[in-house]
Structures are given as C-alpha cells and as structure tokens.
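First up is the structure itself, then whatever we jot down about it.
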Amino acid sequence: MARSDQCHPTGIYLVWFPCRLRQGCYSRQVNYAQLLFPDFSLILCGYLVCRHTALNRTVWEQVETLVYYFLFPVLLFHSIVRSPLDLSTASSLIGAGLAMGVSGIALAYALPWLPVIGRHIDARQHAGSAQVAFRFNSFIGLALAERLAGPEGLLLIAVLIGFCVPLFNVGAVWPMARHSQRHFGRELLRNPLIIGTVSGLLANVVGFQIPVWMEPTISRIGAASLALGLMAAGAGLQFSSLARAKTLAVATLAIRHFFLPLIAFGLSRAFGLSSAQTTILLAFSALPTASSCYVLAARMGYDGAYVAGLVTVSTLLGMASLPFALGVLR
C-alpha cells in the first residue's frame, strides 16, 4: 500500500483536491448567502410592516425623506473618509474601476436603443431604473472585502468607493433629470448623495479624519441609514410592478450581475492588477445594487415600487453573481 502511494502520488492528490475545492466553494456560497440575508430580511420586514400594521405609506414617505437628505449622505461621507486613499499604489485599480463603471453606465443607457429589446422599454421607466445596472451596495462591499483580503481589501474597496460613487451617482441622476426636463447641474448640486460622496472624497484627499469621540455617533447613523433605507425599499415594494416592464428588468439585472463581472475580468488583465486587486475588483463588479436606488428614484418622482422590486431581486441574484465572479472567473 505504501508502495502504491509512492508510485502514484498524483492519484492521491487528484482525489483529495477536488473534494477540498468543492468544500471550499460550498463554504463560500454559504458565506455569500449569510452576507446578503440581513439586507433581504430588512426589505421583507419593511414590506410586512407597511402592509400589515398601522405604519403605512404615509409613515414611510417621511422615513424616505430622512434617509435621503440626512442618513445616506452621512453614511457615504463616513465610508469614504474612514480609510485613507493611497493613490500611487492603487492607480491601476482606480483606472480599472472607473473603466468598468463607465462601461456599465454606457450599457444601461444603451438599452432603449438596442434593435431587439429597445421597443419594449418605456423611456420614463428606464430613466428611473438605469441606475440599478451599475450602482452597488457599499456596505456589502466593505464587509466582503474585509473577509476576502483583510485590511488590504478594505483599503482597496475604499479606493473604489471613493472614486466610483460620485461617477455612479452622476450617472444615476442624469437620465432622470434629463427625462424630467430638469436642469442637470442644479440637480447635481442639490443631490444629497452626490454632496456626501464628493465632500467625503475631498476630505479624504486633504487628510481630514473624524474625531474619535464622534466616530460612534456617525457609525450608528450609518447603521440606521442602511436599515431604514432597506426597510423603506420593502415598504414601497409591489412585486406586481416588475411585470409591467419585464424586458427592462431582465436587461438591467443582466448588466449588473453578468456582464459587469465579465468586463471586470477583462479589465483586470488589461490593467495588470495584482491578485488582491483582481479579487476586490471582481467582488466589486458582482455586488447587489445599491439600496438607495429606490430612495433616489422615489424622491425624484419616478416609479419607486418598480425600482424597489429590482433592488430585492438584485439582492437575491448577488448570491449567484458573487460565486460566479470569485469562483468561476477568478
């Protein structure tokens, strides 16, 4: 028996490694499900509370206003400021992240003009929903990056957040402002999410740090914004709304959860990213869409219920796109 092991060492490893790899993949999928479950459960909680208690839409409209104008901007500012940006060592990652973001925005904007599916897409519905294709859930990204690559991963995802969030928020506001015939520059200057991200990026560049004694308060505001934003999305959810524009829903979510990971994979090769940078970019590309998509669409007068449905489905699809990006592509 000992002689057989020595004569065929590769045979032992061929049996052992696939077993270990399968166990590893299963473990990661369980982690992704656990990571996404809190977001999904908060959406469900908001839906049930709004439908079956006295806390009806009148209450949740006020919650949306609080989240949009105060809680979310503080969250975005804090997420960007808390990790210093090392521009010199992350320039390739920044370039790849911005290229991926521009690609996602271009694909989302192009949907009404495509020859086959374009005629099935309503222009106003598209204006409010295009953001779902390229925006991302930064809190899930931060939690996932720390699990994947520790402090280095947290720093790398902070760099991507700092540079991509302003771009994505501009990309989200532009079609809605244009379709509503609002002044685009005025909408940008008044948009609290863009104000929060740009001010956070500038504060990070100049070296501003939040005082230690303020950190717990700001962290709790961020946690409240995440919980209330997701519950507000659930409160505004109407599953039947997705049936009104099925083509748009499928196309938008396909960009978010399939095409962006493929684009990120190609860009990681083109920019020559390191192993850690590639891992973070692929994870970044496969995240569920931002929960604030619903709040932004609702506050700008678009179909919030439809966007809330897309946010819910995107949260579920993240359980498939993250293993696809980090298991198959990587």
**Report entry** At least 18 Å along the helix axis (C-alpha) and Kyte average at least -1.0, DSSP helices within the chain
**Finding:** 9-52, 91-110, 138-179, 192-205, 215-235, 304-323
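For Asp303, Asp39, Asp122, what's the largest-to-smallest order of accessible area, 1.4 Å probe?
Asp122, Asp303, Asp39
Just to confirm, what accessible area per residue do you get for the chain at 1.4 Å probe, in whole Å²?
Heavy-atom accessible area per residue stands at 47 Å².
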Requested in this report: Kindly list the residues of segment 131-148 that lie in the label zone of Ile210, defined by a backbone N under 17 Å from the point 7 Å along the Cα-to-C-beta vector.
Outcome: 138-143
Report summary line: Contour minus Cα-Cα span, Val328 to Ala243, at 0.36 nm per residue, comes to 27.5 nm
Query raised in the report: Between rounded, prolate and oblate, where does segment 70-167 land on the alpha carbon gyration tensor, with a ≥ b ≥ c its root eigenvalues, rounded for a/c under 1.5, else prolate if a/b exceeds b/c?
Result: prolate
Query raised in the report: Given R₀ = 22 Å, FRET efficiency for Ala106-Arg269 by Cβ-Cβ distance, to 0.05?
Result: 0.65
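Of all the accessible heavy-atom surface of segment 37-143, with the other protein chains kept in place and a 1.4 Å probe, what percent is carbon and sulfur?
Values: 3330 of 4850 Å².
The nonpolar share, carbon plus sulfur, comes to 69 percent.
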Report summary line: Rounded to the nearest 0.05, FRET efficiency between Asp122 and Ala254 (Cβ-Cβ, R0 25 Å) equals 0.90
Query raised in the report: If each of Gln34 and Ser199 carries a label point 7 Å out from its Cα toward its Cβ, how far apart are those two points in nm?
Result: 3.7
Report task. May I ask you to list the chymotrypsin sites (Phe, Trp or Tyr not before Pro) in segment 64-164 that are in a DSSP loop and have at most 10 other Cβ atoms within 10 Å of their Cβ? Result -> none
Report task. Just check segment 197-320 against the gyration tensor rule for me: Cα atoms, a ≥ b ≥ c as the square roots of the eigenvalues, rounded for a/c under 1.5, and otherwise prolate or oblate depending on whether a/b exceeds b/c. Result -> oblate
Report summary line: Between Ser91 and Glu146, the two model label points (7 Å from Cα along the beta-carbon direction) sit apart by a distance in nm of 3.1
Requested in this report: Hand me the chymotrypsin sites (Phe, Trp or Tyr not before Pro) from segment 203-275 located in a DSSP loop with no more than 16 other Cβ atoms within 10 Å, in residue order please.
Outcome: Phe208
Requested in this report: Match the structure shown to one of the listed values (1) 0.98; (2) 1.04; (3) 1.02 of Rg/Rh (Cα atoms, Kirkwood Rh), computed from it, and give that label.
Outcome: (3)
Requested in this report: Just reorder Ile80, Ile117 by solvent-accessible area, largest first, 1.4 Å probe, all chains present.
Outcome: Ile117, Ile80
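The values are calculated or read from the model by the stated rules, or taken from the named source; none is laboratory data. It should be emphasised that the depicted structure is a prediction, and the values quoted were computed from it without experimental measurement. Here the Cβ is made from the backbone with ideal geometry for all residues, glycine too, and neighbour counts use every protein chain on show. Ligands, DNA and RNA are stripped out before the accessible areas are found, and what is left, the full protein with its side chains, is counted by its heavy atoms. Shrake-Rupley method; radii C 1.70, N 1.55, O 1.52, S 1.80 Å.
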